[in-house]
Every structure is written in C-alpha cells, then in structure tokens.
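Notes for the one structure printed next.
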Amino acid sequence: MSASLTTRRAVTAFLAAGVLLGSAALPAAAADHGRDHGRAHSAVTIGNVQYDSPGRDARSNHSLNGEWVEVKNTGKHAVNLRGYTLTDREGNRYRFGDFKLAGHSAVKVHTGKGRDTQRDVYQGRRMQIWDKQDTATLRDARNKVISTDSWGRGGHHSRG
C-alpha cells in the first residue's frame, strides 16, 4: 500500500502544480485583452500622408498623383490587402484588389490615374480628395477599422 500512497501523492502534487501555474497565467492573459480599444490589431497601418499636392494645383493627373496616403506593413510577413478600403472624411473610398504587401514595406495610394506597381497604386480619380483638414481611415476586408490618421485644425496631426 505504500507504493500506491506514494503514487497518489505524486499525482496530487503534479495536478496541484498545474492548477497553480494555470491560475497564474490567467491574469496576464486577461490584462492583455482589450488593449486595441475596439480596433483590430494589425501590422498594416497608415504611414505618411501627402495631402493637397505640393506646387500649383493645375488639376492635372501629375498634380492629382502628388497627393497620396501610404499604407505600411510593419510585420515581417506579406499581407494580402484584397478587400481593404481607404476612405476620407467625406466617404470617398478606394478598395484594394488582389494586392500583396510584402513584410516591412509600403505602398502609396495616389489619387489620380497610373499603372499599379508594388510601390504605387492609383485610385483613378479626376479631383483631389485629401484636404488640408481630413481623416484617412483604413479598414480590413471585414470592414473593421485598423488605422486612422487625421490632420488639420491649426496644424493638429494625430495618428491612431
């Protein structure tokens, strides 16, 4: 009976240690929950913005492509942006097609017309959309906001 008692004590100690380790891990996991404050966590984010294209506004395609919003992938793995949307404050929307954004890279979304490449894509618009006071919002394919960038109001510039 001595061997059986020793085995039961060892099993009980092992199970108790598992319970203690499991309960210690719970607060850390709970504390991690909710950090994104309603936004989906993503390596894809809005980078730099060039609004109101520099120089004289001739309403030419060159002038339109002088304004852009950069979409960055800060992660190490490529992300397919199919279905992602980029909108301004007035609701103008650009929807990405089948576009793979490599890890640690960026693509500029230009307002005018052009030939899409790995570094530049074009909305094909005939009028400027990014104003001196505006907000760019990037949503994933499920329409969840993953990044915003606002500028204007006396030089105020915020990134979310």
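Nothing in this text is a laboratory measurement; each read-out follows from the coordinates by a stated rule. A quick note: this is a predicted structure, and the numbers were derived from the prediction, not measured. Cβ atoms come from the backbone with ideal geometry, glycine included; neighbour counts cover every protein chain shown.
Need one number: convex hull volume per residue for region 73-123, Cα atoms only, in Å³.
Taking only Cα atoms, region 73-123 has a hull volume of 73 Å³ per residue.
Work out from phi, with θ = phi - 60° and the Karplus expression 6.51 cos²θ - 1.76 cosθ + 1.60, the ³J(HN,Hα) of each residue of region 101-111, listed in order in whole Hz, and give x for Gly and Pro.
Once rounded to whole Hz, the list reads 9, 4, x, 6, 9, 8, 10, 9, 9, 7, 6.
From the square roots a ≥ b ≥ c of the eigenvalues of the alpha-carbon gyration tensor of region 47-160, which class results: rounded (a/c under 1.5), prolate (a/b over b/c), or oblate?
Here region 47-160 falls in the oblate category.
May I ask you to list the residues of region 52-85 whose amide nitrogen lies under 11 Å from a point 7 Å from Cα along the Cα→beta-carbon direction of His104?
Under cut-off, by backbone N: 75-77.
I'd like the Karplus ³J(HN,Hα) series for region 117-127: coefficients 6.51, -1.76, 1.60, θ = phi - 60°, whole numbers in Hz, and an x wherever there's a Gly or Pro.
10, 5, 10, 9, 10, 10, 7, x, 8, 10, 9
Straight-line reach from Lys100: which lysines have Cα under 22 Å away, leaving out those fewer than 8 places along the same chain?
Lys100 reaches Lys72, Lys76, Lys108, Lys113, Lys144.
Provide the per-residue ³J(HN,Hα) series for region 130-144, in order, calculated from phi with Karplus coefficients 6.51, -1.76, 1.60 and θ = phi - 60°, each as a whole number of Hz, with x at glycine and proline positions.
8, 8, 5, 10, 7, 9, 9, 10, 10, 10, 7, 5, 9, 6, 8
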